[in-house]
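Heads up: the structure comes next, in structure tokens.
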Amino acid sequence: MIRHIVLVKFRPEVTEAEIAAVFADLEPIRALVPGIGPIVAGRSESPEKIERGYRHGFTIDFDTWEALAAYQEHPAHKAVGARLVAGAVGGIDGICVLDIPFG
């Protein structure tokens, strides 16, 4: 399995409601692409306070690398990704992505 981790530095004018709407658009993708597991998204509540500006993020678990690749190529993912880039500080520079195999 692979855990897809996305951290985002949103521009200050992007509201929590707008961020929640983008994150909500991730869930329907589960029905469109086989091999997608749980999706968890939200704002950091870390007591350590070392987010370095990455205050929001999400994780998606994938059964296989092929499922992750299918997700990355799906138009629904590309639409959500475009909204993330548009809302991030510096565009793509305000987004950090990690893919970590586990299990």
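Here are the numbers:
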read-out	value
First in the range 35-47 and under 17 Å from residue 72 (Cα atoms), second anywhere and modelled with pLDDT of 95 or more and of a type in the set (A, V, I, L, M), Cβ under 7 Å, 6 or more apart	35/67; 36/29; 36/60; 36/67; 39/26; 39/60
For residue 81: the one exception among (1) free of Cβ contacts under 8 Å to residues at least 40 places away in the same chain; (2) surrounded by 15 or more Cβ atoms within 10 Å (Cβ to Cβ); (3) in contact with a strand residue (DSSP E or B) (Cβ under 8 Å, 6 or more places away or on another chain)	(3)
Residues within the range 73-86 that are touching a helix residue (DSSP H, G or I) at 6+ places or on another chain (Cβ under 7 Å), not in a loop (DSSP other than H, G, I, E, B) and not hydrophobic (A, V, I, L, M, F, W, C), tallied	2
Identity of the residue in the range 29-72, of a type in the set (Asp, Glu) and not in a loop (DSSP other than H, G, I, E, B), that ends up surrounded by the most Cβ atoms within 10 Å (Cβ to Cβ)	61
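The values are calculated or read from the model by the stated rules, or taken from the named source; none is laboratory data. Since we're looking at a predicted model, the values are computed, not measured. Cβ sites come from the backbone with ideal geometry, for glycine too, and all protein chains shown count toward neighbours.
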